[in-house]
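First the structure, in the form of structure tokens, and then the observations on it.
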């Protein structure tokens with residue numbers, strides 16, 4: 001077996017100490033380190049690498065959910081690839097379904113771990129070149145607006161007069177999502193069933209269970225059942241949103257039937273709007289107005305720590 005360690009070439013987490021840790025863990029094994037050179041650079045690298053590989057390659061995604069997302073999109077379709085996760089990011093939402101980042105810190109336990117097939121979601125549509133794969137959560141509506149606008153303010157700066165030190169995502173929540181994000185003209189269909197009227201608050205299409213670093217959006221999700229968990233929150237008042245946010249954060253929103261929540265499990269989801277809207281795919285932001293998501297059962301061989 002070949003061991004390929006993917007690290008963020010521009011991140012401060014890749015220190016001489018971390019490099020020494022890798023060298024010690026893999027000293028008697030066939031291993032190689034790949035340092036990313038920019039966003040998505042690892043995807044074409046992995047495709048070419050795996051095409052040439054004559055043996056199984058265990059790819060170690062060292063980072064957070066973004067790194068995992070890119071590695072997964074690079075190994076899709078290659079039966080000789082396994083994905084191991086070394087959780088060094090901040091949110092680390094995906095690994096929470098397996099007990100959290102603390103269980104994904106030790107190279108030795110990952111080297112000894114066994115691979116298990118898991119499902120992913122395949123997204124196609126306008127704004128997507130070919131297919132994009134999600135191992136965790138695809139979300140759109142209210143929280144995607146926070147993500148998109150927060151990214152914008154982070155890159156371009158907050159409006160003049162904003163208090164110094166203001167978090168760009170907090171600003172986006174208060175000044176963009178709260179004002180314009182509760183009435184989204186997006187229709188959602190799960191295996192042909194229409195789940196909402198013209199407007200909705202937000203929706204999540206999940207293989208994982210957590211999103212946004214703290215929200216347990218899909219507490220019933222199982223990434224080995226050949227289905228996608230679909231949850232749509234209908235448009236609601238500020239009071240209604242305030243009353244449900246705590247429940248939604250804790251993953252208690254599906255404990256009993258609620259008029260404002262529609263929950264399904266499906267193999268195919270379509271969602272569309274008359275105009276472009278923001279979609280968050282495992283943290284990556286895209287924009288379009290007509291998308292299809294299909295489950296791909298057992299598409300990734302995920303290594304769980306021993």
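Looking only at residues that are in a loop (DSSP other than H, G, I, E, B) and without any contact (Cβ under 8 Å) to a residue 24 or more places away in the chain in segment 85-101, which one is farthest from the chain's Cα centre (by Cα)? Going through the qualifying residues, I end up with 99.
None of 68, 43 is at pLDDT 95 or above and in contact with a strand residue (DSSP E or B) (Cβ under 8 Å, 6 or more places away or on another chain) except 68. Under the condition of being touching a helix residue (DSSP H, G or I) at 6+ places or on another chain (Cβ under 6 Å) and either assigned to a loop (DSSP other than H, G, I, E, B) or surrounded by fewer than 18 Cβ atoms within 10 Å (Cβ to Cβ) (or both), the residues counted in segment 177-211 number 5. In the condition set (1) out of contact with any strand residue (DSSP E or B) (no Cβ under 6 Å at 6 or more places or on another chain); (2) at negative phi; (3) assigned to a loop (DSSP other than H, G, I, E, B); (4) at pLDDT below 95, residue 19 is compliant with all but (3). When you check residue 150 against the structure, is it under 26 Å from residue 289 (Cα atoms) and touching a helix residue (DSSP H, G or I) at 6+ places or on another chain (Cβ under 7 Å), yes or no? In short, yes. Just one of the numbered conditions (1) surrounded by fewer than 20 Cβ atoms within 10 Å (Cβ to Cβ); (2) touching a strand residue (DSSP E or B) at 6+ places or on another chain (Cβ under 7 Å); (3) assigned by TED's automatic domain parsing to the domain that holds residue 200 is not true of residue 304: (3). Residue 276 meets the conditions (1) over 27 Å from residue 40 (Cα atoms); (2) surrounded by fewer than 17 Cβ atoms within 10 Å (Cβ to Cβ) in every case but one. The failed one is (1). Residues that are surrounded by fewer than 17 Cβ atoms within 10 Å (Cβ to Cβ) and over 21 Å from the mean Cα position of the chain (by Cα) within segment 38-54 comprise 48, 51, 52, 53, 54, listed in sequence order. In a residue-by-residue description of segment 146-165, the property of being within 12 Å of the chain's Cα centre (by Cα), part of a helix (DSSP H, G or I) and touching a residue at least 40 places away in the same chain (Cβ under 8 Å) applies to no position. Could you tell me whether segment 56-67 includes any residue that is assigned to a helix (DSSP H, G or I), assigned by TED's automatic domain parsing to the domain that holds residue 25 and touching a helix residue (DSSP H, G or I) at 6+ places or on another chain (Cβ under 7 Å)? Yes, segment 56-67 has at least one match.
When the residues of segment 12-36 are filtered to those that are in contact with a helix residue (DSSP H, G or I) (Cβ under 9 Å, 6 or more places away or on another chain) and within 23 Å of residue 282 (Cα to Cα), the one that is surrounded by the fewest Cβ atoms within 10 Å (Cβ to Cβ) is 34. Do you know which residues across segment 68-84 are touching a helix residue (DSSP H, G or I) at 6+ places or on another chain (Cβ under 7 Å) and outside any loop (DSSP other than H, G, I, E, B)? Correct list: 68, 70, 71, 73, 74, 75, 81, 83, 84. All conditions but one from (1) in contact (Cβ under 8 Å) with a residue 24 or more places away in the chain; (2) farther than 14 Å from residue 306 by Cβ; (3) assigned by TED's automatic domain parsing to the domain that holds residue 50; (4) touching a strand residue (DSSP E or B) at 6+ places or on another chain (Cβ under 6 Å) apply to residue 78; the one that does not is (4).
The values are calculated or read from the model by the stated rules, or taken from the named source; none is laboratory data. Treat the numbers as computed from the prediction; the structure is a model and nothing was measured. Positions of Cβ are generated from backbone atoms using ideal geometry, with glycine treated the same way; all protein chains shown enter the neighbour counts.
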